[in-house]
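The values are calculated or read from the model by the stated rules, or taken from the named source; none is laboratory data. These figures come from a predicted structure and were not determined experimentally. Glycine gets a Cβ as well: all are built from the backbone with ideal geometry, and neighbour counts include every protein chain shown.
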Amino acid sequence: MKQITECPICKVGECKGYFGLCPVCHETDGYANAGRSHRFYCKEHKTSWCAGSNLFSSWRYQTEAEQRAIWDEIGLNYFEDVEPYIPPECTSFAADTNETPREVDTLKAGEAPF
């Protein structure tokens, strides 16, 4: 088995698309916390998507007021909730699912990848 040391999409050791990317431009501007949940976003296209909850410890060090201030500063209440783009060749995605990314692409609506 060939060891992959660089994401073929991002051209760096760690794939920046691990938590998804904007479906329009395939970029991300980071994430903001909402309680324990983490929402990634793209400012240019006003898109956002939930990556999960309790994945990062940063939420533990923010008060609710601080989280609300960050959301208001970004304007996340006005962003469209979207399904993120996952690069087809994303090595991180493939490693976590124990599947090649192309297998996931071939699933029909309602089918699970397991």
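Does Ser58 count as under 23 Å from Ile86 (Cβ atoms) and assigned to a strand (DSSP E or B)?
Details: under 23 Å from Ile86 (Cβ atoms): yes; assigned to a strand (DSSP E or B): no.
Answer is no for this residue.
Which residue is modelled with the lowest pLDDT, if the candidates are limited to region 48-67 and must be of a type in the set (Phe, Trp, Tyr) and within 13 Å of the chain's Cα centre (by Cα)?
Initial filter on region 48-67 (of a type in the set (Phe, Trp, Tyr)): 49, 56, 59, 61.
Next cut, within 13 Å of the chain's Cα centre (by Cα) only: 49, 56.
Details: Trp49: 94, Phe56: 88.
Residue satisfying both the conditions and the ranking: Phe56.
Inspect all residues belonging to region 37-47 and state whether any of them is of a type in the set (Gly, Ala, Ser) and within 10 Å of the chain's Cα centre (by Cα). Reasoning before the result, please.
The first filter runs over region 37-47 and keeps only residues of a type in the set (Gly, Ala, Ser), leaving 37.
From what's left, within 10 Å of the chain's Cα centre (by Cα): none.
No, that holds for no residue.
Quick one: what pairs do we get from region 53-78, first residue on the phi < 0 side of the Ramachandran plot, second surrounded by 10 or more Cβ atoms within 10 Å (Cβ to Cβ) and polar (S, T, N, Q), C-beta under 7 Å, 6+ apart or different chains?
Pairs that qualify, where the first residue is on the phi < 0 side of the Ramachandran plot and the partner is surrounded by 10 or more Cβ atoms within 10 Å (Cβ to Cβ) and polar (S, T, N, Q), are Ser53/Ser37; Ser58/Asn33; Trp59/Asn33; Gln62/Asn33; Gln67/Asn33; Leu76/Ser48.
Taking the condition of being more than 20 Å from Gly17 (Cα to Cα) and crowded, with 17+ Cβ neighbours inside 10 Å, how many residues in region 36-66 meet it? Break it down stepwise before answering.
Filtering region 36-66 down to residues more than 20 Å from Gly17 (Cα to Cα) leaves 36, 59-66.
Add one more test, that the residue is crowded, with 17+ Cβ neighbours inside 10 Å, and what stays is 59.
Adding up the residues that qualify gives 1.
When the residues of region 1-42 are filtered to those that are of a type in the set (Asp, Glu) and touching a strand residue (DSSP E or B) at 6+ places or on another chain (Cβ under 8 Å), which remaining residue is modelled with the highest pLDDT? Show your work before the answer.
Step one: filter region 1-42 for residues of a type in the set (Asp, Glu), giving 6, 14, 27, 29.
Still in the list and also touching a strand residue (DSSP E or B) at 6+ places or on another chain (Cβ under 8 Å): 27, 29.
Details: Glu27: 90, Asp29: 93.
The selected residue is Asp29.
For region 67-80, what are the residues that are part of a helix (DSSP H, G or I), surrounded by 12 or more Cβ atoms within 10 Å (Cβ to Cβ) and not β-branched (Val, Ile, Thr)? Working first, answer last.
First, pick out the residues of region 67-80 that are part of a helix (DSSP H, G or I): 67-74, 76-78.
If we keep only those that are surrounded by 12 or more Cβ atoms within 10 Å (Cβ to Cβ) too, we end up with 67-71, 74, 76.
Once the filter is applied, which keeps residues that are part of a helix (DSSP H, G or I), surrounded by 12 or more Cβ atoms within 10 Å (Cβ to Cβ) and not β-branched (Val, Ile, Thr), region 67-80 yields Gln67, Arg68, Ala69, Trp71, Leu76.
Within region 81-105, work out how many residues are among the acidic types (Asp, Glu), modelled with pLDDT under 75 and not in a helix (DSSP H, G or I). I'd like the intermediate steps shown before the answer.
Pass one, region 81-105, residues among the acidic types (Asp, Glu): 81, 83, 89, 96, 99, 103, 105.
Checking which are modelled with pLDDT under 75 leaves us with 89, 96, 99, 103, 105.
Subset that is not in a helix (DSSP H, G or I): 89, 99.
Of the residues in that region, 2 qualify.
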